[in-house]
Structure formats: structure tokens, C-alpha cells
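The values are calculated or read from the model by the stated rules, or taken from the named source; none is laboratory data. Fair warning: this is a prediction, and the values are worked out from it, not measured in the lab. All Cβ positions, glycine included, derive from the backbone under ideal geometry; neighbour counts span all protein chains shown. SASA here: full protein model, heavy atoms, side chains in, ligands and nucleic acids out. Shrake-Rupley method; radii C 1.70, N 1.55, O 1.52, S 1.80 Å.
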Amino acid sequence: MTATHVLALALLWCGCAALLLSAAALALLPTPYGRLHALAPATSLGVPLLCLALAVDAGAGRQAAKLLVIGALTAVSGPVTTMVIGRSMAAEDRAAGSGEPQGPPA
Amino acid sequence: MNAWLLAACVLLPSGLGPCLWRACRGEPARRLPAMALAGVMAVAVFLLTARGLHRTSYVDVALVTAVLAPTGTLVFARCLAGGARAEGAGGGD
């Protein structure tokens, strides 16, 4: 059990804890706009920590670079999708609020 | 069974379970956060399974999912927003 392996395992379990926190927040938060916050721990902390753990475990090289690209992709796409989902929910509320029947899009 | 596979086995039910549950309830746009989080959980499970089964070439599956899952969520949101705008424009004349 080398120091590198211990570091990788620590990062792994911290990443898993952040992902499980997200899942619990999604299940337990009462309001829809509150549930939007459930995405943040997973995309900004959980998957990047997992990728860091796997990169530490894999050692320097192409494989570690690919893992870090995946972590960066997830960290960047998280806030973007959260904003777009928030706008979509607000548009749905406006349409529902103006009395029109909310049917499926054409 | 190693730590990576154990983490994947923990994440699969307890991570994707709430996402599937929330994705089946409520208005269409209110299901999007669950779908987006399910994509993130899928990336994590693919990464851990690839390492746990010593198939590091399967990391490419996680890379493709990390690119396509948010894209799919954006397409869904665009489709729903288009529908809501058409409803609003139809009622305003």
C-alpha cells in the first residue's frame, strides 16, 4: 500500500461522497429550483475528484491526460446545463402561468 | 472485488436510483435536473468500472458519455423551451 495508492483511494471516496450527496439532494430537496443545486456537487467536485484519483492511480502519461480531460469536460458542462435547465423551467412556468394548456411541443 | 468496483457498485443503485425516480415525476422541464445528474453518474460508473475490471481502454466510453450527456440535456431543454415559446406566442395574438 504505497502513498500514491492511499492518495488515490482517498480521492476516490471523497469523489463518491460528493456524488452520493448529489443524489441525496436530488431526492430530498423539496422545490424544483432547489433541486437544480443538486447538480453542482456532482459535476464540480464528484467526477473531477474521481478523475484525479484514477489519474493518480494510472501515473503520468496519456491515460492520465484523457482522464483529466473527462474531469474538465464534466466540470465545465455542469454549470452550463444547470443554467439551461433553469431557463427551461422558467419558460415552462411562464407558459403555465399565462393560462395556456401546457401541451407537448409541436 | 477492488475499491474501484466497490465504488461503482455503491454508485450504481444509490446514485442512479434517485435520478430515475425524479425523472419519472413532475412536469417535463422539472425532470431535466434528474436526467442531467443521471448522465454525470453514468460517467462516474463507466470510469470506475473500466478501472475496476482492468480495461482502461473502456475509459473512452466515459469520454463519449461526458461529451454526449450534457449535449442531450441541452437538446431536451431547447426542445421544451421551443414548445413553451410556441404556446406563449399562440395565446398572445
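Points to keep in mind about this one:
Condition check ((1) facing chain B (nearest Cβ under 7 Å); (2) part of a helix (DSSP H, G or I); (3) not small (Gly, Ala, Ser)) across all residues:
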{"site": "A:9", "(1), (2), (3)": "yes, yes, yes"}
{"site": "A:15", "(1), (2), (3)": "no, yes, no"}
{"site": "A:27", "(1), (2), (3)": "yes, yes, no"}
{"site": "A:37", "(1), (2), (3)": "no, yes, yes"}
{"site": "A:40", "(1), (2), (3)": "no, yes, no"}
{"site": "A:43", "(1), (2), (3)": "yes, yes, yes"}
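- Near pairs, Cβ below 9 angstrom, 6+ apart or cross-chain, from the range A:84-97 (closer than 14 Å to residue B:31 by Cα) to any residue that is open to solvent by 30 Å² or more (accessible area, probe 1.4 Å) and of a type in the set (Ser, Thr, Tyr): A:86/A:33; A:89/A:33; A:90/A:33
- Some residue of the range A:46-62 being surrounded by 18 or more Cβ atoms within 10 Å (Cβ to Cβ), in contact with a Lys or Arg (Cβ under 8 Å, 6 or more places away or on another chain) and in contact (Cβ under 8 Å) with a residue 40 or more places away in the chain: yes
- Only residues that are under 17 Å from the mean Cα position of the chain (by Cα) and over 25 Å from residue A:93 (Cβ atoms) were counted in the range A:1-22, giving 11.
- Candidates B:66, B:34, filtered to the one that is surrounded by 19 or more Cβ atoms within 10 Å (Cβ to Cβ) and more than 23 Å from residue A:91 (Cβ to Cβ): B:66
- Residues of the range B:13-25 satisfying the condition of being open to solvent by 30 Å² or more (accessible area, probe 1.4 Å), within 11 Å of residue A:23 (Cβ to Cβ) and hydrophobic (A, V, I, L, M, F, W, C): B:16, B:20, B:21
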